[in-house]
Structures are given as structure tokens and as C-alpha cells.
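Following: one structure in C-alpha cells, then a few remarks.
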Amino acid sequence: QVQLVESGGGLVQAGGSLRLSCAASGRTFSNYAMGWFRQAPGKERDIVAAIHWSSSIRYYADSVKGRFTISRDNAKNTVYLQMSSLKPDDTAVYYCAASTIYSIRDSAYPYWGQGTQVTVSS
């Protein structure tokens, strides 16, 4: 089992920045690929970014490329999502997830955090 706890969400004005953190516990963090997903009201959950356990491979959804950066610190068992130039369309609940398989599909991730709300005002 892997336990994941997100933090760092909040209310920010358009154009602002936030950094989300996801702290993992329970298993060897460096064995897991990590993903950030988001779900807006009335919409499906979508991939935002994913990172291989070694950080050698990173994926970004087209909608966040150039604005968001995913990173991880295996020594701290933490994955981050640095979000800049935020837009109202970025408003959603953001979830981190862990998997032994690197993937951009949410079905590949068995472990999920509880989510953190990000609200971007115009």
C-alpha cells in the first residue's frame, strides 16, 4: 500500500502560481511512477502530468505544456506540480497518484490521494 497526501491547493488569481506537493508513505517511493490528474465539476478526470520513477520521462497534457512542471524528490518521498500562468480553466480538484507502471492513463494508477482544490479566479 502507498498512502498519498496532497497539499498546496488554494485560491489564486489568473496569471498567478501555485505549487502542489504530494507526500508518499508506505512503500519505496522511488519504485513508483507518479501522476497528477485533475477533475473539474461535471467533467471527467484528466491527466495533467506524469513522471517516471527516475525522472527521465515526463509527460504533460497539451493544455498545461509550458506552464506546469512536474518534479520529484525521491529522498523526500514527494512529487511536486509547479503551476504558473494559471487560468480559470485550471480550476479543478487535483489528485496525485502512484503506480509501478509509468502511464498517462488513470486506470493504471492504483493509489490515489484525497485531492486538493485549486481555484483560479478571473
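Charged neighbours of VAL93, selected by a Cβ distance under 10 Å, balance to +1 (K, R count +1; D, E count -1).
Calculated on C-alpha atoms, the gyration radius of the range 76-116 divided by its Kirkwood radius gives an Rg/Rh of 1.00.
With all protein chains kept in place, the per residue accessible area of the chain amounts to 50 square angstrom at a probe of 1.4 angstrom.
Largest GNM mean-square fluctuation across LEU81, LEU11, LEU20, computed for the chain with C-alpha springs under 10 Å, falls on LEU11. Under the simplified labelling scheme, the GLN39-SER54 pair shows an inter-label distance of 3.3 nm, with each label point 7 Å from Cα along Cα→Cβ.
Over all pairs of different C-alpha atoms in the chain, the reciprocal of the mean inverse distance, the Kirkwood hydrodynamic radius, equals 14.1 Å. Nonpolar atom fraction for the chain, defined as the carbon and sulfur part of the 1.4 Å probe accessible area, stands at 47 percent.
The values are calculated or read from the model by the stated rules, or taken from the named source; none is laboratory data. Everything quoted here is computed from the prediction, not taken from an experiment. Here Cβ is always computed from backbone atoms with ideal geometry, including for glycine, and neighbour counts include all displayed protein chains. With ligands, DNA and RNA removed, areas are computed over all heavy atoms of the protein, side chains included. Shrake-Rupley method; radii C 1.70, N 1.55, O 1.52, S 1.80 Å.
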